[in-house]
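A.B. asks: Encoded as structure tokens, here's the structure I'll be asking about.
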Amino acid sequence: MSYADTPITKLYGVGKVRAEQYGRLGISTVGDILSHYPRGYEDRGNVILLSEADGSGKSSHILTVGTEPKSVRLKGRMTLLKFKAYDESGVCDITFFNQEFLKNVFVMGETYRFYGKLEKVGSRYSMSSPAYEAWSEDKDLPSLIPVYPLTEGLNTKQITKDVNSAFTLANSYGISDDFIPEDIRIKNKLCTRTYALKNIHFPDSFTALAAAKKRLIFEELFIFALGMAMSSSKSVPSPAYPCSDRDVYPLVSSLPFELTEAQKKVIGEISRDMSRDVAMNRMVIGDVGCGKTVVAAAAMYLAVKNGRQAALMAPTEILARQHYEDLRTIFEPLGIKVELLVGATTKSEKNRIYASLSSEKAGEGTDIVIGTHALLNEGVKFSRPGVVVADEQHRFGVNQRALLAEKNMLSHTLVMSATPIPRTLALALYGDLELSLIDMMPTGRQRVDTFCVDEGYRERLNAFIDKNIREGGQVYVVCPAVEEQKDEEADLSVEDIDSDGEVRRVSPLRSAVKFSEELSGIFSNWRVAFVHGKMKPQEKNQVMSDFCEGKIQILVSTTVIEVGVNVPNATLMIVENAERFGLSQLHQLRGRVGRGSRKSYCILVSEATPESKAGERLKIMKTLYNGFSIAEHDLAMRGPGDFLRGQGDDSVRQSGGVRFKLAGFCDDAELMDAAFSEAKAMVETDNQLEEHPELRGMVERLFTLERGTVN
Ligand code: ADP
Ligand code: MG
């Protein structure tokens, strides 16, 4: 057995309880814990004077103890240890609760590095229970301390300790498992796996961390790419019912508008695919509002016209309902029966729909069913499957699609994505699908005027919000964070260290919860609410539907609202800390407004100077409005990370259903290209990876793990 497969219970101090806690993080072996990468780092090496701290987060200070530590007894059995420590700029009161033993640790006249939140009241500084290390001129303290993703019962300190023991154990085996062949590693200037693991957890420097990150990102992409290449090299086309009648005229002529050229082209591609006796596997990609729904409707219409059934699966109940309403208006006049099946559908109603779907005769029973994951329920059986459409596909894993396809033997599959993505990247990520792009908008769409502003505009911005609402509009405010920085929060996220080892120091992030409180205070006439990914689905739905109905005027949120909700009355989109978002993400957000007849605006609030890289990116938003061109810029300027991470909910990092650990932070498009081309070359000569059993194991693992992820 290699160290990687050794159960974590073999680590010193890890017993049954701790193993269970680790289990919740998906960690059961020593290999797993070593790939439980930090989500960020405490920047303790960035030592500043007391007078230099701006109070926004934690800071690191080298201070000399100036008074004898004194312990005071508080209520009950609580004790408080107090002393003063100073640097050349000031004196700081340091306190610890219930750690009386520290009295013998801190020595008057000695110097320590303290790290924590520095409070300043008047001219007095204080720190409560800071982290500390003895310091001296010739001692080399680590600058970067890892902060880990946590679960209840496990804190960063504990995980750090266990990661350390994992390294000790791995070293005793000799970590020499570099499963990336050496020629590939050297050609792509990658460090070894041993070096990478050590430095992702305990970086010696920012440069070492950048090298580690590069190597581990390559590794992840390489394994993903191997899997994609292997599956496309052996995939056998599955049979499907040929819908030979390709006439969509009755549907098209019933629409209140003329189709765009792009829509016509894509419907042509679909009807050609569906007329064959092998299953269509096509993805339609197009900006929000480009008109994907009618394209899906055409596919469903063709199925029904050929005596078959169609299903449309949406990622949320709200979306499913919206589709149901829209499609019913299209289909009912044509005599086609549409049903809605969602989690909230009553049991008897469900049973009725199940029975109607399994009815054998065309012309009787349900032709089209629209729903959520509820469609994956066992009771759903199609008697005459024709086509399955998955909307906003990035929300579904590959295997959920597969599950739906499996239920519907003989069915064609169409997936729709509202994330315009550069073609090269789409080919890499969705290599198993044919692609159709809708790269134009219906005529007459108004453009959402976009502005970049900084804090100096805050008052004018507030006046503008008020004006929009008084004129009958509604406002979205998007913040990058859910809550205020918490104690366990890192100073630097993995994302902040770029491929050259440079560090992006960022301004404090606005949080949705806090900012919504602030706005409630300012706009006491209007109803302000917030919504974010950590809320219960029911609460979220309630807020969203109140916003849809106009009961809420200002909706503060994280990026959860990206997912296709349609509120035509929303006229203003404000994005706080806009520099934190990818261009494509900003474009998606902007697409939430300008959906009705009112003139709409998008305001990007950022402190990034116009000359900075982030400022340059934001400027692009003012001039470009086509999602595909924006995506190309995004890829070139920020790398493929945002696309790999998926662009929906903040908590979901996935691409084609695979969750990446670090690849979502990849800022280097060439690194990704290299990983994909190396993988392709390898599979061309050895399509089952017989010569690389470890790699094969990794591929299997990545793609089976995915099977467990349902979100
Ligand atoms: P999305 O691609 O985001 O799913 P939808 O299909 O919801 O976009 O379409 C957005 C709106 O545009 C809908 O109200 C739809 O009826 C309308 N629409 C679609 N195609 C056209 C067209 N060719 N001309 C005018 N309006 C259209
Ligand atoms: Mg849509």
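A.B. asks: When ranked by the protection proxy of mean other Cβ atoms within 10 Å per residue, highest first, what sequence do the peptides 212-221, 450-459, 634-643 form?
C.D. replies: Values: 212-221: 25.1, 450-459: 14.3, 634-643: 22.3.
Highest to lowest by the protection proxy: 212-221, 634-643, 450-459.
A.B. asks: Taking the solvent-accessible surface of protein heavy atoms with a 1.4 Å probe, what is the per residue accessible area of the stretch 449-624 in Å²? Please list the in-between numbers first.
C.D. replies: Numbers: 7760 Å² over 176 residues.
Ligands and nucleic acids excluded, the figure is 44 Å² per residue.
A.B. asks: So if each residue of separation counts as 0.36 nm, and I subtract the Cα-Cα distance between Lys514 and Ser172, what length gain in nm does that give?
C.D. replies: On the way: separation 342, 0.36 × 342 = 123.12 nm, distance 4.88 nm.
Gain on stretching Lys514 to Ser172: 118.2 nm.
A.B. asks: Expected output is a single nm value to one decimal: the length gained when fully extending between Asp673 and Glu110, i.e. 0.36 nm times separation in residues minus the C-alpha distance. What is it? Don't jump to the answer; show the numbers that get you there.
C.D. replies: Details: separation 563, 0.36 × 563 = 202.68 nm, distance 5.27 nm.
Going from the current span to full extension adds 197.4 nm.
A.B. asks: What is the packing order of peptides 13-25, 571-583, taking the mean over residues of other C-beta atoms within 10 Å and listing the highest first? Intermediate values should be presented prior to the final figure.
C.D. replies: Values: 13-25: 14.0, 571-583: 23.3.
With the highest mean Cβ count within 10 Å placed first, the list reads 571-583, 13-25.
A.B. asks: For the pair Glu332 and Lys536, how long in nm is the line joining their label points, each one 7 Å along Cα→Cβ?
C.D. replies: 3.4
A.B. asks: So what J values fall out for the stretch 284-292 if you push phi through Karplus, 6.51 cos²θ - 1.76 cosθ + 1.60 with θ = phi - 60°, rounded to Hz, Gly and Pro as x?
C.D. replies: 9, 10, x, 3, 3, x, 6, x, 6
A.B. asks: State which entries of Lys161/Lys213; Lys214/Lys613; Lys10/Lys157 exceed 26 angstrom in Cα-Cα distance in the structure shown.
C.D. replies: Numbers: Lys161/Lys213 21 Å; Lys214/Lys613 21 Å; Lys10/Lys157 19 Å.
Distance filter (> 26 Å) returns an empty set.
A.B. asks: Turning to a different aspect of this structure: Which angle between 0 and 90 degrees, to the nearest 10, do you get for helix 669-685 versus the longest principal axis of the chain when only C-alpha atoms count?
C.D. replies: It works out to around 60 degrees.
A.B. asks: Now for a different question. Can you put Ser89, Ser232, Ser123 in order of accessible area, largest first, using a 1.4 Å probe?
C.D. replies: Values: Ser89 40, Ser232 70, Ser123 100 Å².
The most accessible residue leads, giving Ser123, Ser232, Ser89.
A.B. asks: If I take every Cα pair under 8 Å that is 6 or more residues apart in the stretch 449-624, average their sequence separation and divide by the length, what percent do I get for the relative contact order?
C.D. replies: Numbers: 291 pairs, mean separation 55.1, N = 176.
Relative CO of the stretch 449-624 lands at 31 percent.
A.B. asks: Check the straight Cα-Cα distances from Lys264 and name the lysines below 19 Å, setting aside those fewer than 8 residues away within the same chain.
C.D. replies: Excluding near neighbours in sequence, the set is Lys292, Lys305.
A.B. asks: In whole angstrom, how long is each semi-axis of the equivalent ellipsoid of the stretch 310-365, when you take the square root of 5 times every eigenvalue of its Cα gyration tensor and sort them from largest down?
C.D. replies: Details: eigenvalues 69, 55, 15 Å².
Semi-axes (√(5λ), whole Å): 19, 17, 9.
A.B. asks: While we're looking at this one, here's another question. When we measure straight from the Cα of Lys514, which aspartates and glutamates land under 12 angstrom away, once same-chain ones fewer than 8 places off are left out?
C.D. replies: Cα-Cα hits under 12 Å: Glu483, Glu484.
A.B. asks: In degrees between 0 and 90, to the nearest 10, how far off the longest principal axis of the chain does helix 537-548 point, with axes built from Cα atoms?
C.D. replies: Around 70 degrees separate the two axes.
A.B. asks: Follow-up. Report, for the chain, the % of DSSP beta bridges that are antiparallel, rounded to 5.
C.D. replies: 40
A.B. asks: Here is a follow-up. Would you calculate, for the chain, the mean residue ellipticity at 222 nm contributed by helices, counting each DSSP H stretch of 4 or more residues as -39,500 (n - 2.57) and dividing by all residues, to the nearest 500? Mind dumping the intermediate values first?
C.D. replies: Numbers: 22 runs with 255 residues, N = 711.
So the helix-based figure for the chain works out to -11000 deg cm²/dmol.
A.B. asks: Moving on. Report the label-to-label distance for Ser129 and Ser205 in nanometres (one decimal), using points 7 Å from each Cα along the Cα→Cβ vector.
C.D. replies: That separation, rounded to one decimal, is 3.6 nm.
A.B. asks: So how much slack lies between Arg445 and Gln158, counting 0.36 nm per residue of separation and subtracting their Cα-Cα distance, in nm? Before the final figure, lay out each step's value.
C.D. replies: Working: separation 287, 0.36 × 287 = 103.32 nm, distance 5.54 nm.
Stretched out fully, the Arg445 to Gln158 stretch lengthens by 97.8 nm.
A.B. asks: What is the angle, in °, between the Cα long axis of helix 458-470 and the longest principal axis of the Cα atoms in the chain? Nearest 10 is fine, range 0 to 90.
C.D. replies: Once rounded, the angle reads 30 degrees.
A.B. asks: Given points 7 Å out from each Cα along the Cα-Cβ axis, report the Asp247 to Ser71 separation in nanometres with one decimal.
C.D. replies: The answer from the label model is 9.3 nm.
The values are calculated or read from the model by the stated rules, or taken from the named source; none is laboratory data. Being a predicted model, the structure only gives us computed values, none of them experimental. Cβ: placed from backbone, ideal geometry, glycine included. Neighbour counts: every protein chain shown. With ligands, DNA and RNA removed, areas are computed over all heavy atoms of the protein, side chains included. Shrake-Rupley method; radii C 1.70, N 1.55, O 1.52, S 1.80 Å.
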